[in-house]
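Asks: Would you mind keeping the following structure in view while I ask a few things?
The values are calculated or read from the model by the stated rules, or taken from the named source; none is laboratory data. Computed from a predicted structure; not experimentally measured. Note that we place each Cβ from the backbone using ideal geometry, even for glycine, and neighbour counts take in every protein chain shown. These area figures cover heavy atoms from the full protein model, side chains too; ligands, DNA and RNA do not enter into them. Shrake-Rupley method; radii C 1.70, N 1.55, O 1.52, S 1.80 Å.
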Amino acid sequence: MKKVLTMAALAALVLAVGANGARSGSSGTSVIDRIEMIWHKAASKKDLNLMMSIWAPNATATFPGKTVTGKVAIRALFAKAGPFQPENHWISDTPAYKIRTTVNGNKGTLYFECHYIDVDTGKVASAVGADQQVQKLNGKWLITNMAASSVTLTP
């Protein structure tokens, strides 16, 4: 009986340590996921400075029909985008199951969908997919390349 209890305790310890490692973001994915959280907070609050805080200095961004390089040009595009327009009362959200993250050393990828919900009507005003390459630069994960596209809302 003592042997069974010892084995059970050891198995529980192994599971707890393994689960803690997965939750702690040791692979870097949870740190990369913060980019998505900041993106949606910035869009919901119409905070261009916060939005630009997640972009590398020489990043590129491709929106349908237009590619720009550098934070100044990217900021100019966001300034004209629907979520940042003063007349739009939108909040930005991503269903958790529509986020995909990979990491390989100091580089990774991040995909998420932006569902912009009109606060006044409760309806989806816009939905956009953002497929990004990210990199850890000077200790911070930043977007180095992003391609936006339209998406079809499905569960």
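Asks: Can you name the residue in the range 84-105 that is in a loop (DSSP other than H, G, I, E, B) and either without any contact (Cβ under 8 Å) to a residue 24 or more places away in the chain or polar (S, T, N, Q) (or both) and, of all such residues, is farthest from Asn49 (Cα to Cα)?
Replies: By that ranking, first place goes to Gly105.
Asks: Suppose the filter is under 13 Å from the mean Cα position of the chain (by Cα) and farther than 17 Å from Gly139 by Cα; does Arg34 pass it?
Replies: no
Asks: Which members of the range 28-60 meet the condition of being of a type in the set (Ser, Thr, Tyr), in contact (Cβ under 8 Å) with a residue 60 or more places away in the chain and touching a helix residue (DSSP H, G or I) at 6+ places or on another chain (Cβ under 9 Å)?
Replies: Thr60
Asks: Also: Restricting attention to the range 126-155, and to residues there that are open to solvent by less than 50 Å² (accessible area, probe 1.4 Å) and among the small types (Gly, Ala, Ser), which single residue is farthest from Val103 (Cα to Cα)?
Replies: Ser126
Asks: It is to be established whether one or more residues within the range 61-70 are touching a residue at least 40 places away in the same chain (Cβ under 8 Å) and under 16 Å from the mean Cα position of the chain (by Cα).
Replies: Yes, there is a match, as at least one residue in the range 61-70 is touching a residue at least 40 places away in the same chain (Cβ under 8 Å) and under 16 Å from the mean Cα position of the chain (by Cα).
Asks: Looking at the range 106-155, what strands (runs of 3 or more DSSP E) fall wholly within it and have at least 3 residues that are more than 20 Å from Ala56 (Cα to Cα)?
Replies: Result: 107-118, 124-137.
Asks: Would you check if Val119 is of a type outside the set (Gly, Ala, Ser) and touching a residue at least 24 places away in the same chain (Cβ under 8 Å)?
Replies: Yes.
Asks: Can you tell me which residue is surrounded by the most Cβ atoms within 10 Å (Cβ to Cβ) among those in the range 73-83 that are in a helix (DSSP H, G or I) and hydrophobic (A, V, I, L, M, F, W, C)?
Replies: Checking each candidate, the answer is Ile74.
Asks: How many residues, within the range 117-155, are basic (Lys, Arg) and closer than 22 Å to Phe78 by Cα?
Replies: 2
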